[in-house]
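All remarks here apply to the structure that follows.
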Amino acid sequence: MIFPSIDKLLNIVDSKYELVLIAAHRSKEISKTGFLQMPENKYKSKRNIGRALEEVNEQLIDVIKK
């Protein structure tokens, strides 16, 4: 089971493709800067891509709907 679930994330983001783009961009940003939007112990995932998805789930990343 992955966390957060894809169903919850698709309520925030319009499509799977957009979700992939947002998560990939944020994951690269975390890798380059090391900046996390939550305390490190609050993340369930150890990998940056999982952490990016958790940030989307917590609505720490603004998703602009067109």
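Quick look at the values:
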| quantity | calculated |
| --- | --- |
| Residue pairs meeting the criteria (Cβ under 9 Å; at least 6 apart or on separate chains; first modelled with pLDDT under 95, in the range 1-16; second of a type in the set (Asp, Glu) and part of a helix (DSSP H, G or I)) | Phe3/Glu54; Pro4/Glu54 |
| Residue within the range 45-62 that is over 12 Å from the mean Cα position of the chain (by Cα) and either buried (at least 16 other Cβ atoms within 10 Å of the Cβ) or in contact (Cβ under 8 Å) with a residue 12 or more places away in the chain (or both) present | no |
| Within the range 14-28, tally of residues that are closer than 16 Å to Leu60 by Cβ and surrounded by 14 or more Cβ atoms within 10 Å (Cβ to Cβ) | 5 |
| Some residue of the range 37-47 being of a type in the set (Gly, Ala, Ser) and either in a helix (DSSP H, G or I) or in contact with a His (Cβ under 7 Å, 6 or more places away or on another chain) (or both) | no |
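The values are calculated or read from the model by the stated rules, or taken from the named source; none is laboratory data. The model shown is predicted, which means the values in this text are computed figures rather than measured ones. We place every Cβ from the backbone using ideal geometry, glycine too, and count neighbours over all the protein chains shown.
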